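Taking it in order: structure first as structure tokens, then the write-up.
The values are calculated or read from the model by the stated rules, or taken from the named source; none is laboratory data. As the structure is a prediction and not an experimental result, all values here were calculated from the model. Quick reminder, even Gly has a Cβ in these numbers, built from the backbone with ideal geometry, and neighbours come from all protein chains shown.
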Amino acid sequence: MSGLTIENVTKRYGAVTAVKDVNLHFNKGEMICFLGPSGCGKTTLLRMIAGLEEATEGTISFEGRDLTHVPVHQRNIGMVFQSFALFPHLSVGENIGYSMKIRGHSRSECEDRVKELLDMIHLPGIADRRITQMSGGQRQRVAIARALALNPEIFLLDEPMSALDANLRESMQIELRRLQQELGITTVVVTHDQTEAMTMADDIVVMGRAQVHQTGTPMDIYKTPINKFVADFIGTSNLVPARFADGNSVSVNGTEMQFGVKSDDAGAGDVILMTRPEEVFVHKVSNKPSANALEGTVNFIRDIGMTIEIMVDCGGQEVVSVMTPKDFPEVELGEKVYVEMPPSACNVLAA
Ligand code: ATP
């Protein structure tokens with residue numbers, strides 16, 4: 001099969017199961033982000049793709065070739081580590097050309113490739129500089145160039161932005177994504193930062209406690225999270241306890257609310273009605289919506305320029321709405337309002 005395939009992969013360290021029965025498939029040339037909280041197993045999964053760890057069970061293959069037991073140096077993989085792991089005693093050029101040199105490439109071949117890679121990462125003419133003279137962002141680009149020196153088939157990055165400050169992080173995310181698209185190289189990035197994953201990925205794999213919760217495009221995962229864990233982890237969401245009523249409605253404290261999507265594991269009894277704040281609208285009582293609205297009282301308003309956040313207490317349940325200044329109904333603190341959640345914005349999840 002074309003692309004990267006992970007089948008029934010489990011990794012145990014003694015009594016600890018770091019990765020449990022993971023099945024994934026990605027097309028060649030895609031950028032994939034493993035996203036999840038600390039300790040969920042994302043680095044272990046990446047290290048198994050790299051060949052730095054061996055799977056306890058299951059297989060990993062690329063373009064139909066079984067890599068499960070192939071040693072790391074025979075995998076044609078480039079990797080960037082969290083710390084960049086550059087050699088401080090070598091120059092920039094020596095770092096980038098290191099893997100070519102140990103594979104016996106000639107000096108001129110190495111020099112040509114180093115020049116090409118330095119142009120690619122927008123740092124031309126600095127091959128002779130010391131690593132210690134480079135900034136954090138420059139070191140990261142050097143680490144990327146070093147990992148790509150041998151034209152790997154798979155490019156792996158473990159928390160590549162974590163050593164950079166916040167401003168630089170965003171521009172490097174865009175730069176890395178552009179480079180990956182230009183090269184068309186199958187890339188896997190480990191991150192615990194949802195914005196980073198949303199910015200860069202074709203597909204996001206949301207992990208928690210050794211397991212994959214959901215895989216999909218950033219928009220799929222944002223719009224239709226499969227469960228409470230994913231809804232909570234990606235973006236901000238309103239999670240309102242509800243009771244399943246019939247085919248396409250639930251009841252929230254006696255108010256009937258129609259929904260657009262229901263996850264497979266949400267059963268009949270108690271469920272959760274999930275909405276994204278930007279799809280929730282606050283109305284003055286004089287402007288009561290015809291359906292799908294909860295009564296409440298405004299208990300907080302935060303105007304942050306581009307948007308206004310309104311928190312409403314709906315019978316003890318707080319619901320957040322984010323509106324543009326243009327749509328804001330000029331409600332005030334303590335005012336009784338209606339909170340409208342259009343059916344298409346309502347997802348029903350398991351409680
Ligand atoms: P982080 O974001 O903190 O790096 P992670 O999601 O990448 O976390 P892993 O590093 O893959 O998580 O670890 C998953 C689980 O496996 C953790 O419980 C961890 O303690 C355990 N683990 C990882 N490596 C080993 C090891 N070599 N020996 C024993 N347990 C390990």
Checklist (1) modelled with pLDDT under 95; (2) crowded, with 16+ Cβ neighbours inside 10 Å applied to residue 112, failing item: (2)
Checklist (1) assigned to a loop (DSSP other than H, G, I, E, B); (2) at pLDDT 90 or above; (3) in contact with a strand residue (DSSP E or B) (Cβ under 9 Å, 6 or more places away or on another chain) applied to residue 124, failing item: (3)
Residue tally, condition within 12 Å of the ligand (Cβ to nearest atom), surrounded by fewer than 17 Cβ atoms within 10 Å (Cβ to Cβ) and at positive phi, over the range 34-83: 1
Close pairs from the range 1-27: first under 21 Å from residue 203 (Cα atoms), partner aromatic (Phe, Trp, Tyr) and away from the ligand (no atom under 16 Å from the Cβ), Cβ under 7 Å, at least 6 apart: 3/26; 4/26; 4/62
Counted residues, the range 1-28 - those being more than 23 Å from residue 76 (Cα to Cα), buried (at least 16 other Cβ atoms within 10 Å of the Cβ) and more than 13 Å from the ligand (Cβ to nearest atom): 0
Meets criteria (free of Cβ contacts under 8 Å to residues at least 40 places away in the same chain, outside any helix (DSSP H, G or I) and more than 16 Å from residue 187 (Cβ to Cβ)) for residue 70: yes
Strands (runs of 3 or more DSSP E) (entirely within the range 272-351) containing at least 3 residues that are touching a residue at least 60 places away in the same chain (Cβ under 8 Å): 317-323, 347-350
Search result, residues across the range 198-226 that are among the hydrophobic types (A, V, I, L, M, F, W, C) and within 13 Å of the ligand (Cβ to nearest atom): 205, 206, 207, 210, 212
Failed criterion for residue 251 (all others in (1) in contact with a helix residue (DSSP H, G or I) (Cβ under 8 Å, 6 or more places away or on another chain); (2) away from the ligand (no atom under 16 Å from the Cβ); (3) not aromatic (Phe, Trp, Tyr) hold): (1)
Total residues in the range 98-121, condition more than 15 Å from residue 152 (Cβ to Cβ), in contact (Cβ under 8 Å) with a residue 40 or more places away in the chain and part of a helix (DSSP H, G or I): 0
Which listed residue is surrounded by 18 or more Cβ atoms within 10 Å (Cβ to Cβ), more than 16 Å from the ligand (Cβ to nearest atom) and closer than 30 Å to residue 136 by Cα, from 180, 194: 180
Only one of 88, 37 that is over 23 Å from residue 188 (Cα atoms), in a loop (DSSP other than H, G, I, E, B) and either in contact with a Lys or Arg (Cβ under 9 Å, 6 or more places away or on another chain) or not aromatic (Phe, Trp, Tyr) (or both): 88
Of all residues making up the range 149-165, the number that are part of a loop (DSSP other than H, G, I, E, B), within 13 Å of the ligand (Cβ to nearest atom) and either acidic (Asp, Glu) or touching a Cys at 6+ places or on another chain (Cβ under 8 Å) (or both): 1
Pairs where the first residue, in the range 236-259, is over 20 Å from residue 313 (Cβ atoms) and the second is of a type in the set (A, V, I, L, M) and assigned to a loop (DSSP other than H, G, I, E, B), C-beta under 6 Å, 6+ apart: 244/268
Matching strands (runs of 3 or more DSSP E) fully within the range 197-261 where at least 2 residues are within 30 Å of residue 155 (Cα to Cα) and in contact with an Asp or Glu (Cβ under 8 Å, 6 or more places away or on another chain): 211-216
Among (1) surrounded by fewer than 16 Cβ atoms within 10 Å (Cβ to Cβ); (2) away from the ligand (no atom under 16 Å from the Cβ) - the single one residue 31 does not satisfy: (1)
Failed item in (1) touching a strand residue (DSSP E or B) at 6+ places or on another chain (Cβ under 7 Å); (2) over 17 Å from residue 100 (Cα atoms), with residue 148 passing the rest: (2)
Close pairs from the range 197-218: first closer than 21 Å to residue 160 by Cβ and among the β-branched types (Val, Ile, Thr), partner within 16 Å of the ligand (Cβ to nearest atom) and not in a strand (DSSP E or B), Cβ under 6 Å, at least 6 apart: 204/197; 206/230
